[in-house]
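The block underneath contains the structure these notes are about, expressed in structure tokens.
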Amino acid sequence: MKRYWAELIGSFILVFVGTGAIMINDITGQVTNLGIGLSFGLVVMVVIYSIGDISGAHINPAVTIAFWISKKFEGKDVIFYVLFQIIGAVLASCMLYFILPESNTMGETLVKDGNWIQSFILEFFLSLILMFVILNVSTGSKEKGIIAGISIGAVVAFEAIFAGPICGASMNPARSIAPAIFGNASFLWVYIVATTLGAISSVFVYKLIKN
């Protein structure tokens, strides 16, 4: 049970810091896109170091599903991991909704100019790249260690920095679902389907160089 709670807490921290940075930037204009990207990358790195040896620090339903597809994670835990990840993310968005009422955004991942195909393709490849790195630096479904934390955090950061202004750079269904509940939920399916398919596809790419 402690693994599920770790995923809830980790997902809460991720969304609280990451989308919180977007909301504070909307209010003050001082965080900038670079700061937002670094906030996401650094918080992922810190969470991996904090709970990686407890739950693996998936904090992402797409990652959990991909680990299961790769046979590095037990199927009986998938539903509970995903459920607790989403609950943690929603609690974070709920907290931010009341803390930062002056913000005009909840940090939602939104399709730019209605071009969902562009965002779908970007999210697919961003998630594929992220999961590819995770599979290569993790041991089983565990993400703990100097290399894992820095590598995965760095991927999240650079992907958020360069792709965030176009598609939001979600790479994580829970991260998109939570703020959408309190804000704009248009094209939410893109950030659930594309990220999950991208993460799953990375498993087969990974096998190309490992088998």
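A short reminder: the numbers here are calculations on the coordinates, not readings from a lab. Being a predicted model, the structure only gives us computed values, none of them experimental. Neighbour counts are summed over all protein chains in view; Cβ atoms, including those assigned to glycine, are modelled from backbone coordinates with ideal geometry.
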Query raised in the report: Restricting the first residue to segment 122-135 and requiring it to be within 16 Å of A163 (Cα to Cα), which pairs with a second residue that is of a type in the set (D, E, K, R) meet a Cβ separation below 6 Å and a spacing of at least six or different chains?
Result: L126/E159
Query - Pair list, Cβ < 8 Å and 6+ apart or interchain, from segment 152-170 residues that are of a type in the set (D, E) to residues that are not in a helix (DSSP H, G or I) - result: E159/A169; E159/M171
Query raised in the report: Out of all the residues in segment 32-44, which are among the β-branched types (V, I, T) and under 16 Å from V15 (Cα atoms)?
Result: I36, V43, V44
Query raised in the report: If we only count helices (runs of 4 or more DSSP H) wholly inside segment 143-211, which ones have 2 or more residues that are buried (at least 23 other Cβ atoms within 10 Å of the Cβ) and of a type in the set (S, T, N, Q)?
Result: 188-210
Report task. May I ask you to list pairs of residues, at least six apart or on different chains, whose Cβ atoms are under 6 Å apart, with the first in segment 180-206 being over 23 Å from N136 (Cα atoms) and the second being of a type outside the set (G, A, S) and assigned to a helix (DSSP H, G or I)? Result -> A180/L188; F182/Y97; F187/W116; V190/W116; V190/F120; I192/P173
Query raised in the report: Can F98 be described as of a type in the set (A, V, I, L, M, F, W, C), outside any helix (DSSP H, G or I) and surrounded by fewer than 24 Cβ atoms within 10 Å (Cβ to Cβ)?
Result: no
**Report entry** Selected residue (criterion: farthest from I79 (Cα to Cα)) from residues of segment 1-38 that are of a type outside the set (A, V, I, L, M) and buried (at least 22 other Cβ atoms within 10 Å of the Cβ)
**Finding:** G37
Report task. Taking L38 as the residue in question, decide whether it is in contact (Cβ under 8 Å) with a residue 60 or more places away in the chain, under 27 Å from S119 (Cβ atoms) and in a helix (DSSP H, G or I). Result -> yes
